[in-house]
Amino acid sequence: MDKKTILRERFGFPFFREGQEALIDAILSGRDVFGVMPTGGGKSLCYQIPALLLEGLTLVVSPLISLMKDQVAALKEAGIPAAFLNSSLTPAQQREVLRRAGLGAYRLIYVAPERLLTDSFLEFAAGQRIALLAVDEAHCVSQWGQDFRPNYLDIPAFVRRLSRRPVLAAFTATATAEVGEDVVRLLELREPLRLVTGFDRPNLYFDVRRERDKAAWLMNYLQQHRDRSGIVYCATRKTVEQLCEKLRSAGFAATRYHAGLDDAERRENQEDFAYDRATVMLATNAFGMGIDKSNVSFVIHYNMPKNIESYYQEAGRAGRDGAPADCVLLFSPGDVITAEYLIQNGSEREQLDEALRAQLLIRDMKRLRQMQDYCKTDGCYRAALLDYFGEAHRPTCGCCGNCVQREEAPAGETVEEDITLAARKILSCVRRVERKNGVGLGETMLVLVLAGSRDKTLLAREYDLLPTYGIMKDCKRPLLHEYIRELVKQGYLLRPPGDYDVLVTAEKANKVLFETEQVLWRHAVSEETRQGKKTAAGSPGAAEQSLFDRLRGLRAELARQARVPAYVIFHDATLLNLASAQPATEAELLAVSGVGEQKAKKYGQAVLAVLAEWKQEQQARKSSKAKKEEPQPPLRLSPEQLARYVCDPEGISMTEFARRLTALKEEGDPGELTGRQLSNRLLAEGYLTEQSSETDDLRRRPTPAGEAVGMTLTERTGKDGRTFTMVTLTEQAQRWLIDRLSEGLIIESAPYTELP
Ligand code: ADP
Ligand code: MG
Ligand code: ZN
């Protein structure tokens, strides 16, 4: 087996990420390494893969119990024998682990730094061939960092006690120079390969918001991301407590974490979060390295942190699996005061001497200012972060709060869109009709041809034989109307005098059709598009989303059975990949990123079954929908039946009118009439007219002729609080329609377009 095969077959990933291969190669060649990669960059694989290839055992020094537990669980899932040794095991359990380890039962053993120099461990180590000693979260060795762990300093002493020096591999996400120097020096690395990978995390969306009511904003955000898991960092325990209460009483599965809780509760809450029993974690920065949860899809900072290192590390806990995730910082000037207070009164450094403390204080205040600058920048947030870490980058990223705001003009303003391609299709369609008939065609008919409608008149004129028939069937019809009107406005299409309802191409259209002329459309930004781009989390389309949810359900069940956190079974990113690739066979399944052989063996059948079931349902839904779309016979009511209609003096909508009429038909009569058909007919007859409104919908309103027979426009307020207008049929209009229907007017089910 080589490293690539292990990556593919054991871990299910097709490619190495940046830096991984070089680090693995160095370790395999016997060289020490020091890898600096951002949180979520994939440091674990850098020692896990060599562990499988080297002759001998790999020890991993890791600072936290929860980290070890999760990693070991994930390794076991991938079919790799591993164990951990820490204070969560009883002495008897520890002896058992060491006994089995002595028999060669494991490839990797995770160990807490406190354990290294204990007699039992030293004795065990003496009898082993230890090929690799990996030091995870290596910055813990430095007192410059926030996570200083004195026992990390025992590591070189432990190494010296071994008869044969293993390869040393240190990893951290902390990029500062001081920490880097400390790691190499204090761990006594020998001419290590030092590798710092890019700090950019393209799947994270960064934003800073100044919300007057942070709590309200948070509630609203959580409401919109209900099924997602995320962390809300607060500056103080008090805020954690208050928010947690508030969210719980609003029905969110929230839990909390801070240094004021006892160990047992902290552990329990962290597990609730890891196992998705709680979806929102409210925490102070005490909730730290322990979180290897890969499906965190947002990290909200309720207050500004003390410095950018902390911010990036905490925010970086989002989207470790590579799926899109949000990192939002809620800034208020009060946060600066809190942060200053925490810096000046922090107890972390009581044991340090005066001079060093003063030095650190100055440094911390400077970092706080840089953090503030970040919050206030109106440039690209990603660029600001990467600047801070000294990394080259493009001037703007297009995926942060400021970039999006710049690209998408705020409400009321306009954007310029390149619609050349749409224009070509439309102009070419008109041109074809002109060639066929010698004349152009009406706007409504043009839309039907582009959309590929089965309209009778269209078929009678054989427009379905045109090569441009249906070429814009994926485009919403109101948008097609807007495009056409824009082309008229810009003079590419003309309405010849005397025949107002016909469109023909202008000479100028040739420039678009046969040359390289661009068509730009300046128009108002719709609220929907801006909303849609505002956050990254939750991007899949509706169908994929429903499949994703289904797969999550399966994963939850599998996780429950295996008693591991859900992301140990499959990451969210893997589920998203499955939902979009929709594999049908085992081979296709293995081709999906995140599915290794072991996982395919264990869960493949269950996953394929869910996929097959979902596809079948989807098919069934489609065919029943297709059935529905088959033209229904028109509603034909006799004058006697029509006489039973009671006019509503209040005035009713066309939909309601159609519904009441349909209710008059005989049992078993398949005839149907909808409000839309009625409206189309009245539009075609000139009683209604269409007008585009700010939303992408076309609004209809009565013409003077319509008003004359009793149609009015009324304003309503929808469920979402927005007002919209609606055509109402007054009593007079209802009577007028009943009379016409009695005289034999039939409203066909195919959308009415042009009068015969
Ligand atoms: P960290 O650097 O923070 O320790 P991890 O080792 O925990 O990061 O990896 C973060 C996530 O990235 C994990 O879910 C892991 O499975 C995934 N990952 C690691 N390497 C790859 C890869 N080559 N391709 C795809 N996903 C990977
Ligand atoms: Mg890690
Ligand atoms: Zn940006």
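Between amide H atoms placed 1.01 Å from N, distances below 5 Å from V135 occur with V61, A169, A170, F171, all of them 5 or more places distant or on a separate chain.
Across all directions, the average projected area of the convex hull around the alpha carbons of segment 204-244 is 3.6 nm².
In this structure E241 has an accessible area near 60 Å², from a 1.4 Å probe over the protein heavy atoms.
Computed over the alpha-carbon pairs of segment 639-742, the distance histogram in 10 Å steps reads 14, 46, 30, 10, 0 percent, short to long.
Taking label points 7 Å from Cα along the Cα-to-Cβ direction, D418 and A157 give a separation of 6.5 nm. With 10 Å bins beginning at zero, the pair-distance distribution over Cα atoms of segment 99-257 amounts to 8, 26, 21, 21, 17, 6, 0 %. Note on the chain: semi-axes of the ellipsoid equivalent to its C-alpha gyration tensor, largest first and rounded to whole Å, are 63, 29, 27. In order along segment 165-172, the phi-based Karplus estimate (6.51 cos²θ - 1.76 cosθ + 1.60, θ = phi - 60°) of 3J(HN,Hα) comes to 6, x, 5, 9, 10, 10, 9, 7 Hz; Gly and Pro are listed as x. Give me the angle, in degrees from 0 to 90, between the Cα long axis of helix 214-224 and the longest principal axis of the Cα atoms of the chain, rounded to the nearest 10. With rounding to tens, the tilt is 70 degrees. Backbone N atoms of segment 417-438 closer than 14 Å to the 7 Å Cα→Cβ label point of A506 belong to residues 427. Backbone amide hydrogens, once placed in the peptide plane, bring T689 within less than 5 Å of R701, T703, excluding anything fewer than 5 places away on its chain. Full extension of the chain segment joining T703 with E271 gains 149.1 nm, where the gain is 0.36 nm per residue of separation less the Cα-Cα distance.
FRET efficiency for the pair D464 and K601, taken as 1/(1 + (r/R0)^6) with r the Cβ-Cβ distance and R0 = 56 Å, rounds to 0.65. Using a cut-off of 23 Å between Cα atoms, the listed pairs K3/K43; K473/K508; K436/K622 include K473/K508; K436/K622 as exceeding that distance. Averaging the Cα positions of each part gives two centres, and for segment 17-83 and segment 135-154 these lie 18 Å apart.
At the residue level, K473 shows approximately 140 square angstrom of accessible surface with a 1.4 angstrom probe and all protein chains present. Full extension of the chain between V196 and T90 gives 34.3 nm of extra length, using 0.36 nm per residue less the Cα-Cα distance.
Extension gain, A105 to V488: 0.36 nm times the residue separation minus the Cα-Cα distance gives 130.2 nm. Spin-label pair K366-L479: with each label point 7 Å from Cα along the Cα-Cβ axis, the two points sit 5.1 nm from one another. Accessible surface for segment 120-163, divided over its residues, is 42 Å² per residue with a 1.4 Å probe. Sequence-ordered 3J(HN,Hα) estimates for segment 187-195 from the Karplus curve with 6.51, -1.76 and 1.60 and θ = phi - 60° stand at 8, 6, 6, 9, 5, x, 6, 9, 10 Hz, glycine and proline given as x. If you wrap segment 542-629 in the convex hull of its Cα atoms and look at it from every side, the mean projected area works out to 5.7 nm².
The residues of segment 542-629 have, on average, 53 Å² of accessible surface per residue, using a 1.4 Å probe with all protein chains present.
Between helix 420-437 and the chain there is an angle of about 30 degrees, using the helix long axis and the longest principal axis of the Cα atoms. Based on protein heavy atoms only, segment 204-408 ends up with 44 Å² per residue of surface accessible to a 1.4 Å probe.
For H301, nonlocal amide neighbours, meaning residues 5 or more places apart or on other chains whose placed amide H falls under 5 Å from its own, are Y233, V328, L329, L330. Counting protein heavy atoms only, segment 415-523 has 52 percent of its accessible area on carbon and sulfur, 1.4 angstrom probe.
Its Cα gyration tensor gives segment 196-282 an equivalent ellipsoid; the semi-axes, largest first and in whole Å, are 22, 19, 14.
Surface listing: E731, E667 arranged by accessible area from highest to lowest gives E667, E731, probe 1.4 Å. When M281, M1 are compared by accessible area at a 1.4 angstrom probe, the order from most to least is M1, M281. What is the angle, in °, between the Cα long axis of helix 542-562 and the longest principal axis of the Cα atoms in the chain? Nearest 10 is fine, range 0 to 90. Once rounded, one gets 30 degrees. Of the accessible area of segment 204-408, computed with a 1.4 Å probe over protein heavy atoms only, carbon and sulfur atoms account for 46 percent. Across segment 580-588, rounded Karplus estimates of 3J(HN,Hα) from the backbone phi angles (6.51 cos²θ - 1.76 cosθ + 1.60, θ = phi - 60°) give 8, 7, 6, x, 10, 10, 4, 5, 5 Hz, Gly and Pro being marked x. The convex hull around the C-alpha trace of segment 415-523, projected and averaged over every direction, spans 6.6 square nanometres. Net charge in the neighbourhood of S142 (other residues with Cβ under 12 Å of its Cβ; Lys, Arg +1, Asp, Glu -1) is -3.
Here the simple spin-label model places points 7 Å from the Cα toward Cβ, and for R522 and T5 these points are separated by 6.4 nm.
Using the Cβ-Cβ distance between S249 and Y341 with R0 = 41 Å, the FRET efficiency computed as 1/(1 + (r/R0)^6) comes to roughly 0.90.
Taking all protein chains together, I747, I65 sort by accessible area into I65, I747, largest first [probe 1.4 Å].
Within the accessible area of segment 592-692, the carbon and sulfur atoms contribute 48%, probe 1.4 Å, all protein chains present.
Under 21 Å Cα-Cα from K238, which lysines qualify once same-chain neighbours fewer than 8 residues away are excluded? Within reach: K214, K246, K306.
When the surface is traced with a 1.4 Å probe over the full set of protein chains, C380 keeps roughly 10 Å² accessible.
The values are calculated or read from the model by the stated rules, or taken from the named source; none is laboratory data. In this text the structure is predicted, and so the values were computed from the model without any measurement. Please note: Cβ atoms are built from the backbone with ideal geometry, for glycine as well, and neighbour counts cover all protein chains shown. These area figures cover heavy atoms from the full protein model, side chains too; ligands, DNA and RNA do not enter into them. Shrake-Rupley method; radii C 1.70, N 1.55, O 1.52, S 1.80 Å.
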